[in-house]
Amino acid sequence: MTEPLLRVEDLRTYFDTPAGTARAVDGVSFSIAPGETLALVGESGCGKSMTALSILQLVPEPAGYIAGGHVYFQGVDLLDYTWEEMRRVRGADIGMIFQEPMTSLNPVFTIGWQLMEAMAVHGKGRGPDTRRRAVELLTRVGLPEPERLLRQYPHELSGGMRQRVMIAMALANNPKLLIADEPTTALDVTVQKQILELIRELQQDFGMAVLLITHDLGIVAEVSDTVAVMYAGQIVEYATTRDLFRAPAHPYTRALFASRPSRDQRGRDLITIEGIVPQATAWPPACRFAPRCPERWPACENVAPVYQKLASPGEDQTGPAERGVRCHLYHPELARTRPEQPATLEVHP
Amino acid sequence: MTATPLISVRNLVKEFPVRRGLFTKRQVKVAVDGVSFDIQQGTTFALVGESGSGKTTVGLMVLDLLPPTRGEVLYAGEPIHARKGRERLALRRQMQVVFQDPYASLNARMTVAEALTEGMMIHRIGASARERRERAAELLRQVNLPPEALDRYPHEFSGGQRQRIAIARALSVEPGFIVLDEPTSALDVSVQSQVLNLLRQLQQDLGLTYLFITHNLDVVGYMADEVAVMERGRIVERGTVDEIFDNPQQEYTRRLLAAVPSVEAALR
Ligand SMILES: Nc1ncnc2c1ncn2[C@@H]1O[C@H](COP(=O)(O)OP(=O)(O)OP(=O)(O)O)[C@@H](O)[C@H]1O
Ligand SMILES: Nc1ncnc2c1ncn2[C@@H]1O[C@H](COP(=O)(O)OP(=O)(O)OP(=O)(O)O)[C@@H](O)[C@H]1O
Ligand SMILES: [Mg+2]
Ligand SMILES: [Mg+2]
């Protein structure tokens with residue numbers, strides 16, 4: 001097995017709030033190998049962005065803090081790094097694209113200045129070469145008239161153009177790991193396709209690994225190798241993309257997949273997930289999904305499920321990635337306490 | 001022969017003045033360039049296309065919120081832009097809109113009750129404040145929110161709940177036609193399914209007609225009866241969902257369809 005590039009272990013990121021401690025990320029573990037794309041999916045508020053920000057040590061302080069865990073990058077725990085050391089890692093070895101592009105570009109500097117600055121900070125120097133590469137990058141993310149763009153300011157660009165500039169900046173130094181939080185939500189499908197293809201090319205050429213956060217299950221299916229499904233600050237299911245879509249194990253994953261509209265569902269009600277993600281200050285005590293789960297039985301409300309390995313059903317298993325799920329349905333003893341029921345997903349009234 | 005369409009859009013053109021430099025000549029940007037389509041009562045017509053192709057601009061003109069440069073919109077056979085005063089107000093009531101961002105369309109300082117009764121007052125629906133409040137509670141029930149929500153403010157709700165409040169507000173004046181401009185684009189799939197189920201339910205119960213503007217072709221496949229594909233201000237192709245998805249005639253439509261990430265295609 002290839003040594004993982006990134007190994008996150010029991011990561012916990014909490015917030016002090018007037019309502020108590022919000023456990024936004026609550027014991028998350030996963031790893032990403034060089035060249036691999038791991039997708040992090042789940043509903044709004046389940047902790048995806050906070051996981052990404054924790055890896056980069058950009059959790060909003062002082063309310064938020066990393067309460068425990070390890071973030072091994074190339075074998076070294078980034079949580080031991082100083083702010084200055086971390087600053088050098090960000091943007092060089094780890095590129096990042098955030099959810100809100102406007103806040104990450106400085107309104108008073110030109111696009112060219114910011115892009116070349118990002119390249120210069122990390123040791124490549126400034127010169128005609130930098131400029132040539134800046135133009136090349138802007139072209140690669142599909143921006144027209146890159147020469148002109150270098151002289152423009154962020155406010156002169158549309159949201160989609162700004163997002164593409166952000167992507168160019170994240171890729172400027174050929175990072176080993178790209179953390180992309182909803183990188184293409186503001187973009188058109190055709191531009192989105194171009195960006196996803198560019199990322200894939202960089203993975204093939206340089207072995208770049210990607211942590212991709214997205215709501216779009218179509219994107220997950222098309223670009224990711226493995227998927228971690230998050231719910232209420234925890235990973236509830238982990239599998240190769242193929243296994244996950246073929247046979248989602250966790251009732252949450254199943255409901256998430258089944259709620260996707262499509263032409264096949266015309267004229268029928270879509271499956272919905274009853275209720276909403278609870279507050280991070282008050283996760284349900286045992287299984288966090290239990291109150292919304294169509295399969296729940298008393299054990300789910302009394303015993304917290306642990307994350308356990310699952311046999312992979314995939315016949316053409318390509319990687320060594322293991323499967324795991326956090327649900328009593330797969331617990332050898334507790335599953336037996338479940339009253340007899342058809343194992344189908346039911347629509348809630 | 002079909003009945004008179006509820007909405008009939010004829011050769012709509014919208015030009016916006018653009019100022020390039022201080023001393024250069026005045027120029028115009030043609031945002032919508034001769035768009036025509038009909039929407040039958042009780043059906044859903046989807047408008048798809050790349051960003052900037054003119055979808056929202058068409059929607060705003062259909063709603064009489066933006067005057068067209070040329071062309072006209074007929075509501076039940078009658079031109080809308082010619083109407084004045086009381087008649088125009090009556091039409092405004094018939095046509096409502098729900099936008100992508102429910103934060104932007106709900107006034108943060110208004111309680112849900114105020115938001116839901118504002119339109120009723122303008123259009124003189126409900127005899128008393130009490131009756132209007134009862135109607136508001138009933139609207140919340142229709143969109144699956146508890147009556148306690150009436151006295152709360154928009155920020156106290158999740159994105160999907162806010163979008164349902166925005167839909168309830170659109171319904172508060174008993175419209176016949178709703179423009180839905182990316183109504184679920186900001187929502188989780190799980191919440192999106194709630195909103196889509198609700199929209200379909202309302203269409204069945206109340207015979208509503210929708211103009212559904214979206215980037216999301218999965219949603220189009222699920223919701224729409226007819227689809228028009230826009231490119232640079234023009235409709236390049238139009239047809240039923242099956243026609244457009246299974247047998248696209250235009251290169252642009254094929255490109256658009258191919259660009260949409262699809263679970264089915266990826267796992268084949
Ligand atoms: N500044 C903060 N103070 C308190 N709690 C916070 C703060 N920021 C985030 N949280 C909590 O952390 C949890 C996780 O938030 P996060 O932004 O990671 O969600 P997400 O999965 O990225 O959602 P989305 O899909 O909406 O981006 C949420 O429940 C949120 O309430
Ligand atoms: N008030 C205005 N002044 C100048 N140009 C405008 C104005 N409103 C819209 N436009 C331009 O008209 C074109 C069509 O815009 P419109 O918002 O209708 O597109 P759209 O298809 O809804 O795009 P999106 O999918 O991004 O919402 C765009 O090029 C836009 O920049
Ligand atoms: Mg997020
Ligand atoms: Mg628009």
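Some observations on this one:
- Partner shielding of A:184-192 amounts to 5, given as the average count of beta-carbon atoms from other chains within 10 Å of each residue beta-carbon.
- Distance from the stretch A:70-90 to the stretch A:176-233 (C-alpha centre basis), Å: 23 Å
- Most fluctuating residue given options A:SER31, A:SER259, A:SER49, as computed from a GNM of chain A linking Cα atoms under 10 Å: A:SER259
- Taken over the C-alpha atoms, the stretch A:111-169 has Rg and Dmax values of 10.6, 30 angstrom.
- Helix-derived mean residue ellipticity, 222 nm - over chain A, DSSP H n ≥ 4, -39500 (n - 2.57), to 500: -8000 deg cm²/dmol
- The mean number of partner chain beta-carbon atoms within 10 angstrom of a residue's beta-carbon across peptide A:214-223 is 5.
- Of all beta bridges that DSSP places with both ends in the protein assembly as shown, some 60 percent have antiparallel geometry.
- Residue-wise HN-Hα couplings along the stretch B:233-244, as the Karplus relation 6.51 cos²θ - 1.76 cosθ + 1.60 with θ = phi - 60° gives them from phi, are x, 10, 8, 8, 7, 8, x, 6, 3, 5, 4, 6 Hz; Gly and Pro carry x.
- Equivalent ellipsoid dimensions for chain A as semi-axes, Å, which come from the Cα gyration tensor, largest first: 38, 22, 19
- Taking chain B and dividing mean pair separation by its residue count, relative contact order in percent (alpha carbons under 8 Å, at least six apart): 25 percent
- Using a simple spin-label model with pseudo-atoms 7 Å out from Cα toward Cβ, A:VAL108 and B:TYR153 lie 3.2 nm apart.
- When accessible surface is computed with a 1.4 Å probe, chains A and B are found to bury approximately 3100 Å² between them, both chains counted.
- Taking every alpha-carbon pair under 8 Å whose residues sit at least 6 apart, the stretch A:201-344 reaches a relative contact order of 22 percent.
- Accessible surface, the protein assembly as shown, averaged per residue in Å² (probe 1.4 Å): 46 Å²
- Mean separation of Cα contacts under 8 Å (6+ apart) over length of chain A, as relative contact order %: 19 percent
- Computed helical MRE - 222 nm, chain B, DSSP H runs ≥ 4 contributing -39500 (n - 2.57), nearest 500: -11500 deg cm²/dmol
- Estimated D of the protein assembly as shown in µm² per second, where Rh is the Kirkwood radius over Cα pairs and Stokes-Einstein applies at 10 °C, 1.306 mPa s: 60 µm²/s
- For B:VAL28, the solvent-accessible surface computed with a 1.4 Å probe is close to 80 Å², ligands and nucleic acids excluded.
- Rounded accessible area of A:ASP80 (nearest 10 Å², 1.4 Å probe): 120 Å²
- Gaussian network model of chain B, Cα within-10 Å springs - most flexible of B:ASP181, B:ASP218, B:ASP205: B:ASP205
- With 50 Å² as the minimum drop in accessible area between chain alone and full protein complex (1.4 Å probe), the qualifying residues in the stretch B:185-199 are B:ASP188, B:VAL189, B:SER190, B:SER193, B:ASN197.
- Label zone at A:ALA67, where the point sits 7 Å out along the Cα-to-Cβ direction: the stretch A:265-295 residues whose backbone N lies under 18 Å: A:278-289
- Annotation: the antiparallel percentage among DSSP beta bridges lying fully within chain B is about 55.
- Förster radius 30 Å - calculated FRET efficiency between B:ALA108 and B:GLU174, Cβ distance, rounded to 0.05: 0.70
- On the principal axes of its alpha carbon atoms, the stretch A:187-319 extends 50, 38, 35 Å, with the longest extent given first.
- For the stretch B:114-192, the list of trypsin sites (Lys or Arg not before Pro) that fall in a loop by DSSP and count at most 10 other C-beta atoms within 10 angstrom reads B:ARG124.
- Local net charge near B:GLY160, Cβ-Cβ under 14 Å (Lys/Arg +1, Asp/Glu -1): -2
- Annotation: for a label point projected 7 angstrom from Cα along Cα→Cβ of B:ARG26, residues of the stretch B:65-107 with backbone N closer than 18 Å are B:67-70.
- For chain A, modelled as a GNM whose springs connect Cα atoms under 10 angstrom apart, the maximal fluctuation among A:ARG323, A:ARG296, A:ARG132 occurs at A:ARG132.
The values are calculated or read from the model by the stated rules, or taken from the named source; none is laboratory data. Quick caveat: nothing in here was measured; it's all calculated off a predicted structure. Don't worry about glycine lacking a Cβ; one is built from the backbone with ideal geometry, like all the others, and counts go over all protein chains shown. Remember, those area values only see protein heavy atoms, side chains included, never the ligands or the DNA or RNA. Shrake-Rupley method; radii C 1.70, N 1.55, O 1.52, S 1.80 Å.
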